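J.: Shown below is the structure under consideration.
The values are calculated or read from the model by the stated rules, or taken from the named source; none is laboratory data. A quick note: this is a predicted structure, and the numbers were derived from the prediction, not measured. Please note: Cβ atoms are built from the backbone with ideal geometry, for glycine as well, and neighbour counts cover all protein chains shown.
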């Protein structure tokens, strides 16, 4: 895939400056005459050619608008906050797999103190944005502030609740939007399972083996996209 550059909006000729210029020209060393791919805040994508490189900006001529690579299925990943390195892996891979939003969950069996993840939103947003660029997406998933499980599970809409110990339900025949719940390494508590049932969650498993939380999140996103998105 060609090098990708984010711009505020696409126009026949686009100026690339700031961090995007530095990365494309100083780090990746793209050159005049080279084709690159651009995407903007509205989710549009295009192929363009670098026409000129000046001291601190480059001009790019748009050659062709490109079709979206976004999923038709709205997957909202409600992921328990786990050890930070593993949680950040989930942010990256879920973004690559096309999720529409990510909701960090504060669960009963929280694996780290709240002060450990307080103030991490800027870093997490950067991880998500870099995954958007790398994967060829044009829309960054919405990253919510950490929310209590009880608040998120009470939201309307289809909900898939993954648990290795509970009897699975029958999955819906079709879906256009779904919230996927993945618990912590220690598993969901009895109260959380009861709450999930009371709010109409469909219970699901990911095979006969017990997966780590970060593995479960990645596999669940891939399985759901494969099952319900014809273009996956």
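J.: Is it the case that some residue within segment 194-206 is under 25 Å from residue 121 (Cβ atoms) and touching a residue at least 12 places away in the same chain (Cβ under 8 Å)?
T.: No - not one qualifying residue is present in segment 194-206.
J.: To continue, here is another question. Could you list, in sequence order, all residues of segment 59-94 that are within 26 Å of residue 177 (Cα to Cα) and in a helix (DSSP H, G or I)?
T.: 86, 87, 88, 89, 90, 91, 92, 93, 94
J.: Exactly one of these conditions fails for residue 84: (1) touching a helix residue (DSSP H, G or I) at 6+ places or on another chain (Cβ under 9 Å); (2) free of Cβ contacts under 8 Å to residues at least 40 places away in the same chain; (3) crowded, with 21+ Cβ neighbours inside 10 Å. Give me its number.
T.: Result: residue 84 passes all but (3).
J.: Provide a single number: the residues in segment 131-165 that are in contact with a helix residue (DSSP H, G or I) (Cβ under 8 Å, 6 or more places away or on another chain) and without any contact (Cβ under 8 Å) to a residue 12 or more places away in the chain.
T.: Going through segment 131-165 one residue at a time, the tally reaches 0.
J.: Name the residue that is nearest to residue 218 (Cα to Cα), counting only residues in segment 164-192 that are out of contact with any strand residue (DSSP E or B) (no Cβ under 6 Å at 6 or more places or on another chain) and surrounded by 21 or more Cβ atoms within 10 Å (Cβ to Cβ).
T.: 188
J.: Can you list the helices (runs of 4 or more DSSP H) found entirely within segment 132-232 that contain at least 2 residues being under 21 Å from the mean Cα position of the chain (by Cα), within 18 Å of residue 93 (Cα to Cα) and not assigned by TED's automatic domain parsing to the domain that holds residue 37?
T.: Correct list: 213-228.
J.: Could I ask something else about it? Identify all residues within segment 128-149 that are exposed (fewer than 15 other Cβ atoms within 10 Å of the Cβ) and farther than 26 Å from residue 69 by Cβ; write none if there are none.
T.: Within segment 128-149, 145, 148 qualify.
J.: State yes or no: is residue 113 within 30 Å of residue 192 (Cβ to Cβ) and loosely packed, with under 14 Cβ neighbours inside 10 Å?
T.: yes
J.: Among the listed residues 24, 11, which satisfies the condition of being crowded, with 17+ Cβ neighbours inside 10 Å, without any contact (Cβ under 8 Å) to a residue 60 or more places away in the chain and either over 30 Å from residue 149 (Cβ atoms) or touching a strand residue (DSSP E or B) at 6+ places or on another chain (Cβ under 7 Å) (or both)?
T.: Going through 24, 11 in turn, just one is crowded, with 17+ Cβ neighbours inside 10 Å, without any contact (Cβ under 8 Å) to a residue 60 or more places away in the chain and either over 30 Å from residue 149 (Cβ atoms) or touching a strand residue (DSSP E or B) at 6+ places or on another chain (Cβ under 7 Å) (or both): 24.
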